[in-house]
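See structure below.
The values are calculated or read from the model by the stated rules, or taken from the named source; none is laboratory data. Because the structure is a prediction, the values reported are computed rather than measured. Every residue, glycine as well, gets a Cβ built from its backbone with ideal geometry; the counts of neighbours run over all protein chains shown. These area figures cover heavy atoms from the full protein model, side chains too; ligands, DNA and RNA do not enter into them. Shrake-Rupley method; radii C 1.70, N 1.55, O 1.52, S 1.80 Å.
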Amino acid sequence: MKKLIKIMFVICVFTNLSCEDIPDFNQYEVKPVVEAFIYEGEPVDDIYLKKTVPFNKESDTDSNFISDAIITINGNGQNYILSPVKDQPGRYLYDGHDFSVNVGEEYFLSFEYENIIISSITTIPKKPEGIDLSPKSIYIPAINSLSDLRNFRETFQKTINITWDNSDGSYYYLLIENIENNPQSIDPTDVLGGLGINFEFTTSPTQENFIELRPLIHYTQYGTHKATIYHVNEEYALLYETSTQDSRDLNEPFTNIKNGLGIFSGFSSREVFFEVIRQ
């Protein structure tokens, strides 16, 4: 579930762009890049460290990871030391069972890199509230030819509507997943179903309080689907916006890491389920 909400390309932005692309970015300076996400009610195992590559040096992927840092997260009045993950360079986790990530709590991440303390703070937002899904099931006519597919695209208007409370203009995004063991595609030309690959769709962060799910866009397969509504912090939305900006108007990506680059952010979520049924 968590693998899809990371903005992995933030590392590529920092490591590959020259000073001509990013204003005031020192192309020769090496900095640590943090990609750290913690989730309400879940283990802390989504912490990654890398470093920028000087523009005048060739990039060696393995050497770009930072795998020997001593990372501490302070939360609930205690310090928790993370451990590197074996055979996964640059990834860290907390391997105990006494670290709980709670709504409303503030968490402080820190580690030392080349005699400099790298740090960041995040707070876990409240869980999404007032979620409503309608309808909970939708019937899709069988598509057996390209003509059927064209007619379906042109005429089918039904949507699955998900709404939630958002009176304060907070940021949310959704992850829609088919959770069948053997998913079958609505579109017979779609190769995912034939390969047994479950379709997934992740929305951009939004300050709206609704989404209309449409077939062949937000879901492409029959069966049971899970929609996870994530409440995210503003820092995640700002990073997303700067990391996906048009290359003709490129600014340095947002970071909330002191003395480094990247992001440390917290999330909370709720799940709802819907059925896509072949008529």
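Provide the per residue accessible area, probe 1.4 Å, for segment 161-243, rounded to a whole number of square angstrom.
On the way: 3520 Å² over 83 residues.
With the other protein chains kept in place, segment 161-243 gives 42 Å² per residue.
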**Study point:** Portion, in percent, of the accessible area of segment 70-110 that falls on carbon or sulfur, probe 1.4 Å
**Key:** 46 percent
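I'd like to compare 150-159, 36-45: which one has the highest average count of other Cβ atoms within 10 Å, and what's the full order after that? Numbers along the way, then the final one.
Working: 150-159: 11.6, 36-45: 19.4.
Top to bottom by mean Cβ count within 10 Å: 36-45, 150-159.
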Practice item. Find which of Asn144, Val103, Ser119 sits farthest along the positive direction of the dipole of segment 101-178, computed with +1 on the beta-carbon of Lys and Arg, -1 on that of Asp and Glu, about the Cα centre. Key: Asn144
Point to revise | Rounded to the nearest 10 Å², the accessible area of Ser147 at probe 1.4 Å | key: 70 Å²
